[in-house]
Amino acid sequence: MATPFIRSGDRLLDIGCYDRSLIDSVRTQISSAVGIDSNALPDLGERVEIIQGHFPDEHRFDDAAFDSITLLAVLEHVDDPAALATECERILAPGGRLILTVPHPMVDIVLDALMFLKIADGMSAEEHHGFDVGLTQSIFEKASLPLYCKRRFQLGLNRLYVFEKPRYSR
């Protein structure tokens, strides 16, 4: 769902990159990528750097350092979404895109049932902090990131949001 919004030549920051699958899927079209995740194995390769840690607490990036920032199923794990949104706006280049997915709270009930039935394992539903997906748009718009696109997918249980930083400030 996210990859069509990452443009050719983008400098990508993938927050919550885990196994770097998103980075690997767009690697040939982007100019560079940084992935950050508390469970990632640090790696430095050609045009790709993987950092172990938490964003934004442990790592600072330069202003306008990235053309695309992705947070796929990450926002519901964040303690302070407003602070995250503000930091993303700072490091996003003018015209850059913030691409995120957020599960509906019903997903936690489905995951709990699947884990109880031993069909799914290793999910982190206990880290979701009771996030209200309905607040997503206002959190990022308050950080001066206007909504570009919003979609539901996976039977409506997940939401895709794309915010685009204005090219020119008023």
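Could you list, in sequence order, all residues of the stretch 10-60 that are at negative phi, hydroxyl-bearing (Ser, Thr, Tyr) and touching a strand residue (DSSP E or B) at 6+ places or on another chain (Cβ under 8 Å)? Those that are at negative phi, hydroxyl-bearing (Ser, Thr, Tyr) and touching a strand residue (DSSP E or B) at 6+ places or on another chain (Cβ under 8 Å): Ser31, Ser32, Ser38. Examine the stretch 71-88 for a residue that is in contact with a helix residue (DSSP H, G or I) (Cβ under 8 Å, 6 or more places away or on another chain), in a loop (DSSP other than H, G, I, E, B) and either aliphatic (A, V, I, L, M) or over 22 Å from Cys149 (Cβ atoms) (or both), and state whether such a residue exists. Yes: the stretch 71-88 contains one or more residues that are in contact with a helix residue (DSSP H, G or I) (Cβ under 8 Å, 6 or more places away or on another chain), in a loop (DSSP other than H, G, I, E, B) and either aliphatic (A, V, I, L, M) or over 22 Å from Cys149 (Cβ atoms) (or both).
Out of Ile23, Ile30, Ile51, Ile36, one residue alone is assigned to a helix (DSSP H, G or I), of a type in the set (A, V, I, L, M, F, W, C) and in contact (Cβ under 8 Å) with a residue 12 or more places away in the chain. It is Ile23. Of the residues making up the stretch 29-41, those that are farther than 15 Å from Ser68 by Cα and not acidic (Asp, Glu) number 4. Of note, Asp14 does not satisfy the criterion of being part of a loop (DSSP other than H, G, I, E, B) and among the acidic types (Asp, Glu). Of the listed requirements (1) over 26 Å from Gln137 (Cα atoms); (2) at pLDDT below 95, Ser32 misses just one: (2). In the stretch 131-157, which residues are in a helix (DSSP H, G or I), over 15 Å from the mean Cα position of the chain (by Cα) and without any contact (Cβ under 8 Å) to a residue 40 or more places away in the chain? Gly134, Ser138, Glu141 - these are the residues of the stretch 131-157 that are in a helix (DSSP H, G or I), over 15 Å from the mean Cα position of the chain (by Cα) and without any contact (Cβ under 8 Å) to a residue 40 or more places away in the chain.
May I ask you to verify whether Phe5 is within 17 Å of Leu145 (Cα to Cα), in contact with a Gly (Cβ under 7 Å, 6 or more places away or on another chain) and surrounded by 13 or more Cβ atoms within 10 Å (Cβ to Cβ)? No; evaluated as a whole, the condition is false for this residue.
The values are calculated or read from the model by the stated rules, or taken from the named source; none is laboratory data. Bear in mind that the values here come from a model prediction, so they are computed numbers and not experimental data. Heads up, the Cβs are rebuilt from the backbone with ideal geometry, glycines too, and the neighbour counts pull from every protein chain shown.
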